[in-house]
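The values are calculated or read from the model by the stated rules, or taken from the named source; none is laboratory data. Treat the numbers as computed from the prediction; the structure is a model and nothing was measured. As a convention, Cβ positions derive from the backbone with ideal geometry for all residues, glycine included, and neighbour counts pool all protein chains shown.
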Amino acid sequence: MRRITLTPLIKFEVVDPSSSVIYGKLKLRVPACLLVDRENTIQAIFEPESGCWPGSGVIFYISIKYVTLYEFRTSTLTTISFSTECRVSVVQVKDFSVLIPRELYRQLADNVVEINVANYDVYKPLLVSVYGKSIIENIGVSSYILKYAP
């Protein structure tokens, strides 16, 4: 049985045209070990904490950070979206799969990687480019990449 880590990952805020703030938290359940060339399931849990806007939502870009012999690198694994509309339930949960390619595995200086959020975008009608957005806290989740299951 593999160990799963539940870690607060990101808090964000968006100022919308009415000057209210949408603020929330994304948590990821990441396997302690990710397998190469296999689908690895990660669970994303989104908890809006304040604010909402009709027709709005947020898209998170999930990335992997790793060390090669020469540098630190970051690659986007996938995107995942959640609604920030007022009528949506407080906690939203989605599972998604990521594939760690053998080519990435061959580049690693060690087997420890970090899964985190590289960036996020907001659905319209929020005017994010005019009013701004910010990531308040972004704590990555560490995992090991293994070629074979232990």
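General observations
- Considering residues of the stretch 87-106 that are more than 17 Å from Arg38 (Cα to Cα) and of a type in the set (S, T, N, Q) only, the residue farthest from the chain's Cα centre (by Cα): Ser89
- Yes/no for Ala109 being of a type in the set (A, V, I, L, M, F, W, C), under 24 Å from Asp37 (Cβ atoms) and modelled with pLDDT under 90: no
- For the stretch 116-142, filtered to residues that are of a type in the set (S, T, N, Q) and either touching a Gly at 6+ places or on another chain (Cβ under 6 Å) or not in a strand (DSSP E or B) (or both), the residue that is modelled with the highest pLDDT is Asn116.
- Subset of the stretch 52-94 (residues that are exposed (fewer than 14 other Cβ atoms within 10 Å of the Cβ), of a type in the set (S, T, N, Q) and part of a loop (DSSP other than H, G, I, E, B)): Thr68, Ser89
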